[in-house]
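Presented below is the structure to which this report refers.
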Amino acid sequence: MEHHHCVIIGSGPAGYTAAIYAARAGMKPILYTGQEPGGQLMITNDVENFPGYPDGIHGPVLMEDLKKQAERFGTDIRYELISKVDFSDSPHVLYTEGGTEIKADAVIVATGASAKWLGLESEQRLQNRGVSACAVCDGFFFRNQEVAIVGGGDTAAEESTYLAKLCKTVHLIVRRDEMRASKIMQQRVLSTPNLIVHWNSETQEVLGEDEVTGVRLKNNQTGEETTIPVTGFFVAIGHKPNTDIFKGWLTLDETGYIINKAGSSHTNIEGVFVAGDAADKVYRQAVTAAGMGCMAALDAERWLTEKGIV
């Protein structure tokens, strides 16, 4: 059985940044990429809000740069999935999908979260061609244009009002005759003049061949179908943290996000740290994930030093 000082699970901005810091600190980290090497940015075309790229950068290129930087300092990157963990003792034990057992003194969890989608063929086909799951990330590209956003919770309310500051008109598609969002968020939606709410409506199809040109809706009460011409379609129905393998070990909130100790990356298990969207349901940005990756590596290094392991 292999035994390593530091193992990182996940390969988004959080995982790769943790690897850069851990490798430079001499921790000789092992990074397991998981099923989606590079994470959510691998399906993002243009990234304009990550510091250091004045002209923007393609998401896959950014992730390749981070990977190369981590490798430069000696990170061992393995294109495998960690499918099971055992945090009952120290060192911790991780199991790859292929059945390999790995011992790790410190574990950094950076497994991220995946956006929930409606499941439409047109939605998937037009991702990065006008379909997005992040208004803060991509709203800038639709300045002074007409867009639609689907959802009825706080995220949809917050992102629709954000888009309304940038876009000419925002169409909020709500499945029921009321929103699940908090009262104050609903008030903000209803008081925004260029934000139109379509109640009792479900998306039937996102229209367009090479880019979004509109959205076809169906009224749940009347059965009537309408088409709205838009150039952007945003999905805000929530995210699912990729934390299932940690259930029963790490403390999770009611939606599955890992709870870290305030002001740090420490979890409830000694020697296990968390970074990025696996713990962050508020900001969910590449730059904040990278910052948390830095924190996790520094916390892991200090913990290993205090324990006399390195």
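The values are calculated or read from the model by the stated rules, or taken from the named source; none is laboratory data. Source: prediction; values computed, not measured. Ideal geometry is used to build each Cβ from the backbone, glycine not excepted, and the neighbour counts take in all protein chains shown.
The lone criterion from (1) of a type in the set (Lys, Arg); (2) crowded, with 19+ Cβ neighbours inside 10 Å; (3) outside any helix (DSSP H, G or I) left unmet by LYS28 is number (2).
Would you please name the residue that is surrounded by the fewest Cβ atoms within 10 Å (Cβ to Cβ), looking only at residues in segment 232-290 that are assigned to a helix (DSSP H, G or I) and free of Cβ contacts under 8 Å to residues at least 60 places away in the same chain?
ASP244
Just one of the listed residues (PRO229, PRO241) is modelled with pLDDT of 95 or more and closer than 30 Å to THR96 by Cα, and it is PRO241. Taking every residue in segment 17-43 that is over 25 Å from GLY98 (Cα atoms) and pairing it with any residue that is of a type in the set (S, T, N, Q) and assigned to a helix (DSSP H, G or I), at least 6 positions away or on another chain, the pairs with Cβ-Cβ distances below 6 Å are ILE20/GLN69. Scanning segment 44-68 for residues that are free of Cβ contacts under 8 Å to residues at least 60 places away in the same chain and part of a loop (DSSP other than H, G, I, E, B) yields a total of 5.
Looking across segment 108-148, the residues that are surrounded by 21 or more Cβ atoms within 10 Å (Cβ to Cβ), more than 16 Å from THR213 (Cα to Cα) and among the aliphatic types (A, V, I, L, M) come down to ILE108, VAL109, ALA110, ALA113, ALA133, ALA135. Only one entry of MET42, MET63 meets the criterion of being surrounded by 16 or more Cβ atoms within 10 Å (Cβ to Cβ), in the same structural domain as GLY291 (by TED's automatic domain parsing) and under 30 Å from ARG216 (Cβ atoms), and that entry is MET42. Of all residues in segment 93-107, those that are within 19 Å of ILE309 (Cβ to Cβ) and among the basic types (Lys, Arg) have Cβ atoms under 8 Å from Cβ atoms of residues that are modelled with pLDDT under 95 and assigned to a loop (DSSP other than H, G, I, E, B), 6 or more apart or on another chain, in LYS103/MET1.
Output the residue which, of all residues in segment 167-202 that are in a helix (DSSP H, G or I) and of a type outside the set (D, E, K, R), is surrounded by the fewest Cβ atoms within 10 Å (Cβ to Cβ).
Only one residue fits best here, namely ILE184.
Whether any residue in segment 240-256 is of a type in the set (Gly, Ala, Ser) and either in contact with a Ser or Thr (Cβ under 9 Å, 6 or more places away or on another chain) or not assigned by TED's automatic domain parsing to the domain that holds PHE87 (or both) is what I want to check. Scanning segment 240-256, I find at least one residue that is of a type in the set (Gly, Ala, Ser) and either in contact with a Ser or Thr (Cβ under 9 Å, 6 or more places away or on another chain) or not assigned by TED's automatic domain parsing to the domain that holds PHE87 (or both), so the answer is yes.
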